[in-house]
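A.B. asks: Have a look at this one before I ask anything.
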Amino acid sequence: MGTRISHFTPILFLYFLLLSSSPSPILALNISSLLSPFPDLSHFAALLSASSILSDLNHRTSLTLLAVPNSYLDASSDLTRRIPPSSLADLLRYHVLLQYLSPYDLRHISPSGKLVTTLFQTTGRATSDFGSLNITRNPLDGIVSLHSPVPFSSSNATVLTLLKNLPYNVSIFAVNALLVPYGFDLMASETRPPLGLNITRALIDGHNFNVAASMLSASGVVEEFEADEGGAGITLFVPTDTAFSDLPGTVSLQSLSADKKAVVLKFHVLHSYYPLGSLESIVNPVQPTLATEDMGAGSFTLNISRVNGSVGINTGIVQASVTQTVIDQNPVAIFGVSEVLLPREIFGNSPMMTTQPGNEIVSSAQPPDSMAMSPESTGPPLHLSSPPGYGEEIRSVAVANSGLNFFIALCSCCIALYLIQ
């Protein structure tokens, strides 16, 4: 028996080395620390520190930051000095994308572009979807541009380079201009009453949730949702209009009694505030809903997990995915979902839809750790005209990653050779 333990000791030791060398999951971000190695971002970092948004950024686990170097930010110094602190904070929120975008993602954006929700859009102070950013890539020269969803907007910027990339958690890109949302009131105050408290109005403004808004208004449960905002907050998963139109003919929500309709609607709500990053890294995937509170413990629960780079939601008979952020301002988070969440307690145990998550909030086709083109990529590379000194940071990160990969491969080979003997 002693010989047997001795025989496996090297294997256990190598497994320990592998586990200890694996990068730990990032539970929180320190944006100031991530920006500190870049002297040419000192002015942008100072604006972030002086604003009220750093604490909001640091508790998120998935975002993309568009940082403006000093040489470009100085051109807007008059603007940043004269607007109120609350307006400046919203201006900076417009530079925070609420999803992780890697260099790979930018290289594979379609010519028609990709509309991405910013932190400013989720405050409820943006008009329509003007708080979002449209990201486009020119297929001829690879230049990635950022601009308002409004055609011919005067405010736009170009991606200069990747500064920092922590896969699936945060990317920081340098851009060549300070972005201003279309129709942004530079003198507005964020102390005015938040519009996001009116859930029905927020859904109507979202343009793709008219059916859900109508059902909520008719059922009367929306008042209960809004009343719950004062406690631990709430998280709503709202099906898009397309999700309702795609329901199979065997499902008729209108034929349900008023009580059952209310239960179905409450089945779409968690009785706590969860920003997107928290949903992506949720510890307990089985979550009770407001319907659970009405119908009894263990019933009407949702299984929430990360599936194919998206937040997946499984009811037992329906697999849905989070497709967009409508509102994300503590204590309320509202997310669009790809399917109507049907509880098996009402609609039976037979799977009705097996749609896999496809409209990613967090795109993660592959974990890129450098700016090199992937083997399957076609067309010109991403246009990155880096300011002096930025390339060294990227190369140092790439060297560190390659060293880690070599060490893991070496340990794997040792294990294999030892087992063969």
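A.B. asks: Of the residues 228, 259, 246, which is under 16 Å from residue 293 (Cα atoms), modelled with pLDDT of 90 or more and acidic (Asp, Glu)? Don't jump to the end; show me each part of the working.
C.D. replies: On the way: 228 fails: modelled with pLDDT of 90 or more; 246 fails: under 16 Å from residue 293 (Cα atoms).
After ruling out the rest, the residue left standing is 259.
One line per residue, one yes/no per condition, for (1) open to solvent by less than 50 Å² (accessible area, probe 1.4 Å); (2) assigned to a loop (DSSP other than H, G, I, E, B):
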| site | (1), (2) |
| --- | --- |
| 122 | yes, no |
| 125 | yes, yes |
| 128 | yes, yes |
| 136 | yes, no |
| 141 | no, yes |
| 145 | yes, no |
| 149 | yes, yes |
| 158 | yes, no |
| 161 | yes, no |
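A.B. asks: Only residues that are touching a Leu at 6+ places or on another chain (Cβ under 6 Å) and open to solvent by 40 Å² or more (accessible area, probe 1.4 Å): list them for region 57-98, please.
C.D. replies: 58
A.B. asks: Restricting to region 99-109, name every residue that is open to solvent by 10 Å² or more (accessible area, probe 1.4 Å) and in contact with a Pro (Cβ under 9 Å, 6 or more places away or on another chain).
C.D. replies: Residues satisfying the conditions are 104, 105, 107.
A.B. asks: Here's another thing I want to ask about it. If a residue must be open to solvent by less than 30 Å² (accessible area, probe 1.4 Å) and touching a residue at least 60 places away in the same chain (Cβ under 8 Å), how many such residues does region 257-269 contain?
C.D. replies: Filtering region 257-269 down to residues open to solvent by less than 30 Å² (accessible area, probe 1.4 Å) leaves 262-269.
The next check asks that each one be touching a residue at least 60 places away in the same chain (Cβ under 8 Å); those that pass are 263-264, 267-268.
Residues in region 257-269 being open to solvent by less than 30 Å² (accessible area, probe 1.4 Å) and touching a residue at least 60 places away in the same chain (Cβ under 8 Å): 4 in total.
A.B. asks: Pick from region 32-65 the residues that are under 27 Å from residue 78 (Cα atoms) and within 16 Å of the chain's Cα centre (by Cα): which of them is modelled with the lowest pLDDT?
C.D. replies: 56
A.B. asks: Here's another thing I want to ask about it. From the list 212, 177, 188, 218, exactly one residue is modelled with pLDDT of 85 or more and part of a loop (DSSP other than H, G, I, E, B). Which is it?
C.D. replies: Details: 212 fails: part of a loop (DSSP other than H, G, I, E, B); 188 fails: modelled with pLDDT of 85 or more; 218 fails: part of a loop (DSSP other than H, G, I, E, B).
When all the criteria are applied, what remains is 177.
A.B. asks: Next question, about the same structure. Restricting to region 98-120, name every residue that is hydrophobic (A, V, I, L, M, F, W, C) and either part of a helix (DSSP H, G or I) or touching a residue at least 60 places away in the same chain (Cβ under 8 Å) (or both).
C.D. replies: So the first thing to find is which residues in region 98-120 are hydrophobic (A, V, I, L, M, F, W, C), and the list is 98, 101, 106, 109, 115-116, 119-120.
Selection gives 98, 101, 106, 119, 120.
A.B. asks: Let me ask something additional. Out of (1) in contact with a Leu (Cβ under 7 Å, 6 or more places away or on another chain); (2) open to solvent by 10 Å² or more (accessible area, probe 1.4 Å); (3) farther than 19 Å from residue 173 by Cα, what's the single condition that is false for residue 54?
C.D. replies: (3) is the only condition that residue 54 fails.
A.B. asks: Could you count how many residues in region 38-97 are polar (S, T, N, Q) and either assigned by the TED database to the domain that holds residue 309 or part of a loop (DSSP other than H, G, I, E, B) (or both)? Please lay out each step first, then the result.
C.D. replies: The first filter runs over region 38-97 and keeps only residues polar (S, T, N, Q), leaving 42, 49, 51-52, 55, 58, 61-62, 64, 70-71, 76-77, 80, 86-87.
When the remaining residues are screened for being either assigned by the TED database to the domain that holds residue 309 or part of a loop (DSSP other than H, G, I, E, B) (or both), the result is 51-52, 61-62.
Total satisfying the criteria: 4.
The values are calculated or read from the model by the stated rules, or taken from the named source; none is laboratory data. These numbers come from a predicted model, not from an experiment. In this analysis, Cβ positions are derived from the backbone assuming ideal geometry, glycine residues included, and neighbour counts consider all displayed protein chains. Remember, those area values only see protein heavy atoms, side chains included, never the ligands or the DNA or RNA. Shrake-Rupley method; radii C 1.70, N 1.55, O 1.52, S 1.80 Å.
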